[in-house]
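Report on the following structure.
The values are calculated or read from the model by the stated rules, or taken from the named source; none is laboratory data. Everything numeric here is computed off the predicted structure, so don't read it as measured data. With ideal geometry, Cβ positions are generated from the backbone for all residues, glycine too; neighbour counts draw on all protein chains shown.
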Amino acid sequence: MKYFNSILVANRGEIACRVIRSAKQLGYRTIAIYSDADAGAPHVQLADDAVRIGPGPVGESYLVPELILQAAASSGAESIHPGYGFLSENAAFAEAVERAGLVFIGPTREAIEVMGNKAESKRRMIKAGVPCVPGYEGHDQSDETLLAEALKIDLPLMVKAAAGGGGRGMRLVHDQADLANAIKLARAEAEEAFGSGELILEKAIIKPRHVEIQVFADSMGNTVHLGERDCSVQRRHQKVVEEAPCPVMTSELREKMGQSAIDAAKSVNYRGAGTVEFLLDDSGFFYFLEMNTRLQVEHPVTELITGLDLVALQISVAQGELLGLTQDDIDFRGHAIEVRLYMEDPSQDFLPASGPVDLWSPASGVGIRIDSGICTGQAISPFYDPMVAKVIAYGPSREIARVRLINALKETVLFGTPNNKDFLIDCLERQSFIDGSVTTAFISEEFSAGDLETRSPRFTDSAVAAVIELALQHDSHRNHSLLVSSNLRNWTSASAMVSRKQYQFGELIHDLSISPIANSADTYKVTEATAEQSTVVQLVKVEDNIALVVVDGANLVAQYMSPGHGQIYCSIEGCGAFFKDMIILDGAVDEAVGGGRVVAPMHGLLLEVLVKEGDQVVKGQTLAVLEAMKMHYEIQAEIDGIVDEITAVTGQQVAADDVLVEINDGEDA
């Protein structure tokens, strides 16, 4: 094993920051890589050195081994840590790193290759005596053989792509008559997504728990497990909430699963950190699912209950050092729960979102850990995974960890782009989660479409936002005035001053009248005449994006950020919204929409422009197609008219709110 004292982190975002921090604490020189889209990202600033590797798209930067090896050579890096995702489970990359004379902080090519193929890994696990789901994982891939083997498996069954993951190339079959078509569709998806149409068949385990075992091994074969994590809360086969230990785990079951995970690792001469994933049914039987040959996203919950730094252990093992741990040395204390904060819109089937980070203010406190890779002012690119942070809570009991996590989420502010924070809080507050009885069917069973709709702010929320916004406007006006005392705020020699603000959320409109209460500093009565309701809001303190307010005698903390022009983000006790004063914005709205200015709804690649200047278009007609975060969006005309100007260019990246097409409705002619 080659000794090293510098580490290039071949990743980005929160995991790059996570690895860099541990490496720097150990005294290693750290090198970051970045694409053009990440030039100002936190991981770049955190590292000792940074090397540009190409444009934003992953196929031109983070997924190109040659560019990463060139960055290692130019920066003098002696080892490479791949993080997770990207090239972390690419066997050819691991081998190329070693061929270049560098240390790959991870397992060998053989281990990655075997465990990266569901069919081969399952054959290896069966040989090693690890419990596997009954099914077919043979080399004969003819339709005739697959159909015949399926008859030997109890329904329902799963058709799965042998390569890859993430739910692609996967079909659940309840009726034998549907099998032939399921094989056809799964194979086509697998070939397109992974370049391989190889399939396996498995008995479907309905409503299982997804439980995984963290393993660690050194180059001499010493192998231990670090307990389990329950990752059952998932959407589209992607984990959302993870915890350790599993709520239904027993000492006997942990010993059996842990030994099976160790057997799995030893069967491929594993080295470093790995995770063996199992499905656990309601009878206590468990089945091998796959092995991830890298550090997991959810590794912090294991760190919190064991007191170990898994990245530090990875580096130590990569240096050729012995693990220095026996199974008896591993002690589990307390409980930890992690949630993944995604830039996505749950109300739109968890559609990924890109855009600005107008304010990022993570919570802090006892038992709280937040791993993030974003900062205020950053733009979330459409090129990468929408997960931007992980919020983790630890406590002596599961309930204390759960409550701490909910409070941390409520205190955490992420303004600027849709995200899943409210959905995460909802998950943690569901009774089935409190009871610890969730399975992989949790989200589909617990959440209806209505549950995922964006919640409109309450009248009192709008009242607080309106008063804060009014105070900010007053301060702005005073700062641009000469020799005007702050004591003159709200003073008038005429009748009482009344300000009006109108916030709209879908069909809900809060039309507010705000008037100062005489002889009561910074106290306002806010009235909504149409709903016949009012409240009294007192501003106690407004600074640094935090306002202390009293609403009808109740003390509240509001976190806010105002980009100006009658707009303010405001989060009160964890419930946040973007308040836009439609009275101020009315002209801008008319110009942007009614005037025929068609803008990009988000950052992305313009795939196609379907009209040309002079074309007659009608409302609802598709004008262009935008690709963002691997999704396609049709941009449609909102009025009838003639295309006056096209500023969009096919094949170019556009930013949110960039003008693409100008339509003349003829009224000004």
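Scan the stretch 529-566 for residues that are part of a strand (DSSP E or B), of a type outside the set (A, V, I, L, M) and under 20 Å from GLN502 (Cβ atoms) and jot them down.
Answer for the stretch 529-566, where residues must be part of a strand (DSSP E or B), of a type outside the set (A, V, I, L, M) and under 20 Å from GLN502 (Cβ atoms): GLN533, SER534, THR535, TYR560, SER562, PRO563, GLY564.
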Quick one: ALA466 ticks every box in (1) assigned by TED's automatic domain parsing to the domain that holds VAL241; (2) buried (at least 21 other Cβ atoms within 10 Å of the Cβ); (3) among the aliphatic types (A, V, I, L, M) except a single one, so which number is it? (1)
Exactly one of ASN420, ASN407 is surrounded by fewer than 21 Cβ atoms within 10 Å (Cβ to Cβ) and of a type outside the set (Lys, Arg), and that one is ASN407
Go through (1) outside any helix (DSSP H, G or I); (2) touching a Lys or Arg at 6+ places or on another chain (Cβ under 7 Å); (3) of a type outside the set (Ser, Thr, Tyr) one by one and return the number of the condition VAL317 breaks. (1)
Right, PHE285: among the aromatic types (Phe, Trp, Tyr), outside the structural domain of SER88 (by TED's automatic domain parsing), surrounded by fewer than 21 Cβ atoms within 10 Å (Cβ to Cβ) and at negative phi or not? yes
Consider ALA318 carefully, then state whether it is in contact (Cβ under 8 Å) with a residue 40 or more places away in the chain, farther than 25 Å from ARG402 by Cα and among the hydrophobic types (A, V, I, L, M, F, W, C). yes
Of the listed residues (THR108, THR145), the one being under 12 Å from LEU199 (Cβ atoms) and β-branched (Val, Ile, Thr) is THR145
Residues satisfying the stated conditions in the stretch 99-132, i.e. buried (at least 18 other Cβ atoms within 10 Å of the Cβ), part of a loop (DSSP other than H, G, I, E, B) and not hydrophobic (A, V, I, L, M, F, W, C): GLY106, PRO107, THR108, GLY116
Within the stretch 391-405, is even one residue under 30 Å from ILE546 (Cβ atoms), of a type in the set (Ser, Thr, Tyr), over 17 Å from the mean Cα position of the chain (by Cα) and part of a loop (DSSP other than H, G, I, E, B)? no
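With the condition kept exactly as written, say whether any residue in the stretch 339-362 is assigned to a loop (DSSP other than H, G, I, E, B), within 16 Å of LEU226 (Cβ to Cβ) and among the hydrophobic types (A, V, I, L, M, F, W, C).
no
Residue-by-condition table, conditions (1) under 30 Å from TYR394 (Cα atoms); (2) buried (at least 18 other Cβ atoms within 10 Å of the Cβ):
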position: LEU151; (1), (2): no, no
position: ALA163; (1), (2): no, yes
position: ASN181; (1), (2): no, no
position: SER196; (1), (2): no, no
position: LYS203; (1), (2): no, no
position: ILE213; (1), (2): yes, yes
position: ASN222; (1), (2): yes, no
position: HIS225; (1), (2): yes, yes
position: ARG229; (1), (2): yes, yes
Residues of the stretch 290-307 satisfying the condition of being within 28 Å of GLU113 (Cβ to Cβ) and either hydrophobic (A, V, I, L, M, F, W, C) or surrounded by fewer than 16 Cβ atoms within 10 Å (Cβ to Cβ) (or both): MET291, LEU295, VAL297
Which numbered condition trips up GLN259, out of (1) modelled with pLDDT of 95 or more; (2) within 30 Å of ASP426 (Cα to Cα); (3) not hydroxyl-bearing (Ser, Thr, Tyr)? (2)
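Which of the residues that make up the stretch 70-85 are crowded, with 21+ Cβ neighbours inside 10 Å and farther than 19 Å from LYS2 by Cβ?
Step one: of the stretch 70-85, the residues crowded, with 21+ Cβ neighbours inside 10 Å are 71-72, 77, 79-83.
Answer for the stretch 70-85, where residues must be crowded, with 21+ Cβ neighbours inside 10 Å and farther than 19 Å from LYS2 by Cβ: just GLY83.
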Among the residues in the stretch 267-282, are any more than 28 Å from GLY83 (Cβ to Cβ), in contact with a strand residue (DSSP E or B) (Cβ under 9 Å, 6 or more places away or on another chain) and assigned to a loop (DSSP other than H, G, I, E, B)? yes
Could you list, in sequence order, the residues of the stretch 165-179 that are closer than 27 Å to ASN292 by Cα and surrounded by 16 or more Cβ atoms within 10 Å (Cβ to Cβ)? GLY165, ARG168, GLY169, MET170, ARG171, VAL173
Go through the stretch 1-59 and count every residue that is touching an Asp or Glu at 6+ places or on another chain (Cβ under 9 Å), part of a loop (DSSP other than H, G, I, E, B) and closer than 25 Å to GLY604 by Cβ. 3
